[in-house]
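We did not get these values from a lab; they are worked out from the coordinates using the rules stated. As the structure is a prediction and not an experimental result, all values here were calculated from the model. Cβ coordinates were reconstructed from backbone atoms using ideal geometry, including for glycine residues, and neighbour counts include every protein chain displayed.
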Amino acid sequence: MNGLTLLFLATLSLLVAVQWWLARRQSRHVAGCRDVVPAAFATHVSLADHQRAADYTLARTRLGQWELLYGSALLLLWTLGGGLDLLDQLWRQAELPAIVSGVGLLLSTLWLMGLLELPFTWYRTFHLEQYFGFNHTTPALFINDLLKQTLLVLLLGGPLAVAVLWLMAGTGPLWWLYVWLVWIGFGLLLSWTYPVFIAPLFNRFEPLRSDTLRLRIEQLLQRCGFAASGVFIMDGSRRSAHGNAYFTGLGRHKRIVFFDTLLRCLNDDEIEAVLAHELGHFHYRHVHQRLVINALASLAGLAMLGVLAEASWFYNGLGVSQPSPPMALLLFLLVIPVFTFFLQPLLAQRMRRHEFEADDFAARQSSAPHLIQALVKLYQENASTLTPDPLYSAFHDTHPPAPVRIAHLMR
């Protein structure tokens, strides 16, 4: 047992302990506030809706605790338990060209990981979400989505894996820099093509038909100096009762997408305010900032992997007997979340600051009262708790807690 093994076990144990402790705090806090609606929402949210949101939050938190234990056990089995090493040996016995067996190892590992996560995904969809009235997905649609996702991984992930492994094997010590360039290019290409070619495989998108609302949106976009290829309605109700809205695409393929469930619960004033909030993210270049941060983080990670891939202790310390480029990638992807978990509060704090800035922009371009009304309705429709534990929220929530966000808008 080398030093990396001890460090990995200690860090994973600390992660599990902290996550479990935070979940317990969240459950106690939400349960303790279950019977009283916060004063700021007393005239807008009924006690029944508040209690439903609390029960939904408690159920999700409990499920998350079991997922934490299950995922940590699987991680140990894949690494120190010899799971990756066994799968690697099976591919080596096939005596295929190195790049073919490497791609096979990568894709088969990802497929098996997804398969092992299916019980929780199925339970969440067809029990938890079903119990609280959110699930609209049928078993046939669920399976169909899985098949499409698997096919996309093969069609998109296969060529990417070939390119990465070829660069790792044939471009010398700076392979990580070339891989980073390919990764950034692949991400930009995916963002550009997603709204036109990938998203329609899973949902139907129709142009917004309401002339009045479309005119208001066009005027808002003009005021904000934002150009989009169109405003579309997505059949989100086909899978879930949760409502949402988002921007997608790059360049001429940028588009605004509203879930049909969102349009059913908000009026035109509130929809305009929600859209103004999203436009605030673009006004302050939050999306660009996140792209740059993610690019720099991936560059730092690949540079680190460039060193670790040459170190025998990296493989031996994580339960792998034979070093190889695909194994270095898999080990790094599996263990890096363990060591970066404690950075989450810093990242979440930055994201919450972005939300405040976008709210301020929406208040100027649209209406703070209308945005408040929209947020209250969305909290109700999505059964989002109004009383999260502050410390749990600091680790997990990229949006400010509801009372804090509403108070900020009222000021």
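Observations on the model:
- The alpha carbons of the chain give a radius of gyration and a Dmax of 23.3, 70 Å, in that order.
- Share, in percent, of DSSP beta bridges within the range 180-273 that are antiparallel, nearest 5: 65
- When the Cα positions of Gln26, Leu151, Pro337 are compared along the charge dipole of the chain, Gln26 comes out farthest toward the positive end, with charges on each C-beta of Lys, Arg, Asp and Glu.
- Computed magnitude of the charge dipole of the range 252-339 (debye, nearest 20; Cβ of K, R +1, Cβ of D, E -1): 340
- Computed on the range 35-171, the Cα convex hull volume stands at 178 Å³ per residue.
- Point-charge dipole on Cβ atoms (K/R +1, D/E -1) for the range 194-351, about Cα centre, debye to 20: 180
- Cα-Cα pairs of the range 30-93 separated by more than 20 Å (percent): 56
- Each 10 Å bin from zero up to the one holding the largest Cα-Cα distance in the range 171-217 carries the following percent of pairs: 21, 24, 26, 15, 9, 4.
- By the combined test of axial Cα extent (at least 15 Å) and Kyte-Doolittle hydropathy (mean at least -0.5), the qualifying DSSP H helices of the chain come to 3-32, 47-78, 83-93, 98-123, 139-152, 158-170, 175-193, 211-224, 268-283, 286-308, 325-340, 368-381.
- Put simply, the Cα atoms of the range 236-343 extend 61, 31, 30 Å along their principal axes, the longest span coming first.
- Charge tally in the Cβ shell below 11 Å around Lys377, where Lys, Arg are +1 and Asp, Glu are -1, Lys377 excluded: -2
- Under Stokes-Einstein, with the Kirkwood radius over Cα pairs as Rh, the value for the range 158-287 at 4 °C and 1.567 mPa s is 77 µm²/s.
- Fraction of the pair-distance distribution of the range 93-134 above 17 Å, Cα-Cα pairs, percent: 53
- In this structure the amide hydrogen of Ser240, modeled in the peptide plane, comes within under 5 Å of the amide hydrogens of His136, none closer than 5 places in sequence on its chain.
- Here the dipole of the chain is about 420 debye; that uses its Cα centre as origin and unit charges on the Cβ of Lys and Arg (positive) and Asp and Glu (negative).
- Considering only the Cα atoms of the range 318-409, their convex hull presents on average a projected area of 8.7 nm².
- Computed over the range 213-291, the range of Cα coordinates on each principal axis works out to 31, 26, 19 Å, biggest value leading.
- D by Stokes-Einstein for the range 330-381, Kirkwood Rh over Cα pairs, 25 °C, 0.890 mPa s: 179 µm²/s.
- Between the listed residues Ser237, Leu250, Leu262, the Cα displaced farthest toward the positive end of the dipole of the range 234-273, a dipole computed from Cβ unit charges relative to the Cα centre, is found at Leu250.
- Cα Rg over Rh - the range 46-126, Kirkwood: 1.23
- nm² value of the averaged projected area, convex hull over the Cα atoms of the range 1-62: 5.3
- Added length on full extension, which subtracts the Cα-Cα distance from 0.36 nm per residue, Tyr123 to Arg24: 33.5 nm
- Simple rule: put +1 on each Lys or Arg Cβ and -1 on each Asp or Glu Cβ in the range 1-158, find the dipole, and look at Phe132, Trp66, Met113; the Cα lying farthest toward the positive end is Phe132.
- Net charge over other residues, Cβ less than 13 angstrom from the Cβ of Ala297 (K, R count +1; D, E count -1): +2
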